[in-house]
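The structure that follows is given in the form of structure tokens.
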Amino acid sequence: MGAVSLQTGSPTRRADVRRWRRYLADERAEAAVYRNLAARRDGEEREILSALADAEGRHEQHWLELLGDDAGRPQRGSLRTRVLAVLAKRFGSVFVLALMQRAEDRSPYADDEDATARMAADERIHGEVVRGLANRGRMRLSGTFRAAVFGANDGLVSNLALIIGISASGADRHFVLLSGIAGLLAGALSMGAGEYVSVRSQRELLTASAPHPEAGSAVADLDVDANELALVYRARGMSEWEAQAHAAEVLGGTVTTSTAPVDEHEAIGNGMSAAISSFCFFASGAIIPVLPYLLGLEGWPAITVAAVLVGIALLGTGAVVGVLSGASPLRRALRQLAIGFGAAAVTYGLGLLFGTGNA
């Protein structure tokens, strides 16, 4: 089906042509995003992203056929998609995949009569493919990201609450400043020590759960007809049937003589590096509400500036969480802001209460 020209077509047809041109530009821009992402990947992920770019090319051809002579000069895609293409070329990060996931999920093709059912289905499946690729990236950075967000937010909220609570009690600027620095150091050291103990304990638990290094040597001497090897596998999570089958394979020499099924634990990292990271993440958040007092402000001006700075930081971390989780960045940002300011408001009220009581 060909489109009539913009000059002689009806107003409805001219609106259709403008919409088709927009779709065409967006398909080209999305294909560029996938090609740029593929260029920074290798192996299976590169093949998947290249296939997605090819699929966007098929959609591009559909709109070219509808437009016919009205295709005109290539238009630029939406600003969002063009920015994603640049980010994909420069960084190729999980953030780009997470944003593309949302873009695919918002495809208008399901409600557009000029888009085929196959194209609408493609976009839905593309969203699931990108979701899977984004999830791979989320899994790779989940531990570090969790520590970063948790540590920074803890520093932001706890030190803001501490500072405004003490300010509300009527303390002077120097006392508030010293309290803020003390809160920063105490909280950061506590976070670092806690993370070190957590990681070390987890490693020790995993080590205690690993098979004894000499247990495998006993397999060669086991009675083929009556042995307890299957019990080992059952104790480690296999069903009775799976354990019996695996034990038979081991005794038959067709698989490794390990006395435990393969169990790939999540990488838990090094205790000292985790402690240092947690210390730095907490301190980076906790220093923000202290800044106005370091610059000489006090009273309400200092509280106001601290609250504004912390609010911006909370909005930023909330938005990042939203992007990576594939949810609304605005909603997550506002939720983070409400939680942080809610805690600070309660502490400020307590500071007023105790300040009045001491007056």
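The values are calculated or read from the model by the stated rules, or taken from the named source; none is laboratory data. Treat the numbers as computed from the prediction; the structure is a model and nothing was measured. Positions of Cβ are generated from backbone atoms using ideal geometry, with glycine treated the same way; all protein chains shown enter the neighbour counts. Ligands, DNA and RNA are excluded from the accessible area calculation, which covers all protein heavy atoms including side chains. Shrake-Rupley method; radii C 1.70, N 1.55, O 1.52, S 1.80 Å.
Name the helices (runs of 4 or more DSSP H) wholly within the range 265-359 that hold at least 1 residues that are modelled with pLDDT under 75 and closer than 26 Å to residue 182 by Cβ?
Correct list: 271-286, 329-358.
Restrict the check to the range 221-230 and report whether at least one residue is of a type outside the set (S, T, N, Q) and at pLDDT 75 or above.
no
Could I ask something else about it? Residue under question is residue 179, and the condition is that it be crowded, with 20+ Cβ neighbours inside 10 Å and at pLDDT 80 or above; does it hold?
Answer is no for this residue.
Considering only residues that are open to solvent by 20 Å² or more (accessible area, probe 1.4 Å) and either of a type in the set (A, V, I, L, M, F, W, C) or in contact with a Pro (Cβ under 8 Å, 6 or more places away or on another chain) (or both), which ones fall in the range 106-135?
110, 117, 120, 121, 125, 129
Restricting the search to the range 46-75, which residues are at pLDDT below 85, among the charged types (D, E, K, R) and either in a helix (DSSP H, G or I) or within 14 Å of residue 130 (Cα to Cα) (or both)?
Result: 69, 70.
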